[in-house]
Amino acid sequence: IYYNSPRNQDYSYGAYFKHRASTGKVELEKGPKVPTNNSKNEIALFGKKIFSSAILSGGVSYSHNRNLFYGIDSAQMAKPTFRFNKDSLTQYFNNIRAEVNLKSFYLDSTHINYKASVGYDYYNDKSDFGENHVSVGGEVFKYIQKDYLGAGLNILHVGKSGSFDTVSNTVVSVLPMLRKYGSFYTASI
């Protein structure tokens, strides 16, 4: 299900909901028929506001995926004490995301244009593994005659929690750029 606002030169907004699921049973080699239920669900809200020289946009989303991993060791199934346990083979994943972006669009070369973004992701699963992603980024650029000159900075922090991996990471990227336009070529560095 999708919904978008009517066409408007000042703003737009929308939302969507997606659901996909399967159900059934698969007969394992030398074993019982086991369920194969899987589902993917996602819901999101997003919007954009257009100003005279910039666009502010953003959104939030949530997704929940559930998988049943039905592969079982046939040696385990041969034991008289074996009982199929659907819950022990089910895994789910949750992801929450939010982001805000601001981007200018000056058309003349006397202005410096910019982009800025802030984002957050939270991910977890049935095993109590979790990740927090915080990202902050920006870019400034200017057209000088026919050339494009700019620089960007992005910072991504990934925090982890869980029983098997708790090492966090931060990645900082510096992105200088130069684009030269000729009559028959474009060169980017």
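The values are calculated or read from the model by the stated rules, or taken from the named source; none is laboratory data. Here the structure is a predicted model, which means the values were calculated and not measured. So basically every Cβ, Gly included, is an ideal-geometry build from the backbone, and we count neighbours across all protein chains shown. To get the accessible areas, we keep the full protein, side chains included, count just its heavy atoms, and leave off ligands, DNA and RNA. Shrake-Rupley method; radii C 1.70, N 1.55, O 1.52, S 1.80 Å.
Within segment 90-105, does at least one residue satisfy the condition of being within 23 Å of Ser63 (Cα to Cα), among the hydroxyl-bearing types (Ser, Thr, Tyr), assigned to a strand (DSSP E or B) and open to solvent by 80 Å² or more (accessible area, probe 1.4 Å)? Scanning segment 90-105 turns up no residue that is within 23 Å of Ser63 (Cα to Cα), among the hydroxyl-bearing types (Ser, Thr, Tyr), assigned to a strand (DSSP E or B) and open to solvent by 80 Å² or more (accessible area, probe 1.4 Å).
Has segment 66-85 got at least one residue that is within 29 Å of Asn8 (Cα to Cα) and either exposed (fewer than 15 other Cβ atoms within 10 Å of the Cβ) or at pLDDT 95 or above (or both)? Checked segment 66-85: no residue is within 29 Å of Asn8 (Cα to Cα) and either exposed (fewer than 15 other Cβ atoms within 10 Å of the Cβ) or at pLDDT 95 or above (or both).
Please specify each residue of segment 114-135 satisfying the condition of being surrounded by 16 or more Cβ atoms within 10 Å (Cβ to Cβ) and not in a strand (DSSP E or B). Selection gives Phe129 alone. Scanning segment 136-164 for residues that are open to solvent by less than 50 Å² (accessible area, probe 1.4 Å), outside any loop (DSSP other than H, G, I, E, B), of a type in the set (Gly, Ala, Ser) and within 26 Å of Gln91 (Cβ to Cβ) gives a single hit, Gly159. Residues that are touching a strand residue (DSSP E or B) at 6+ places or on another chain (Cβ under 7 Å) and not in a strand (DSSP E or B) were ranked within segment 165-189; the one that is modelled with the lowest pLDDT is Thr166.
Screening segment 170-183 for residues that are of a type in the set (A, V, I, L, M, F, W, C) and within 19 Å of Leu149 (Cα to Cα) and picking the one that is least open to solvent (accessible area, probe 1.4 Å) gives Met177.
Counting the residues of segment 1-58 that are of a type in the set (Asp, Glu) and under 30 Å from Ala75 (Cα atoms) gives 2.
Confirm whether Val167 is surrounded by 13 or more Cβ atoms within 10 Å (Cβ to Cβ), closer than 30 Å to Lys40 by Cα and of a type in the set (A, V, I, L, M, F, W, C). No.
Which ones in segment 6-56 are of a type in the set (S, T, N, Q) and either closer than 30 Å to Leu89 by Cα or touching a residue at least 40 places away in the same chain (Cβ under 8 Å) (or both)? Result: Gln9, Ser22, Thr23, Thr36, Asn37, Asn38, Ser39, Asn41, Ser53. Scanning segment 28-60 for residues that are closer than 25 Å to Tyr114 by Cβ and among the small types (Gly, Ala, Ser) yields Gly47, Ser52, Ser53, Ala54, Ser57, Gly58, Gly59.
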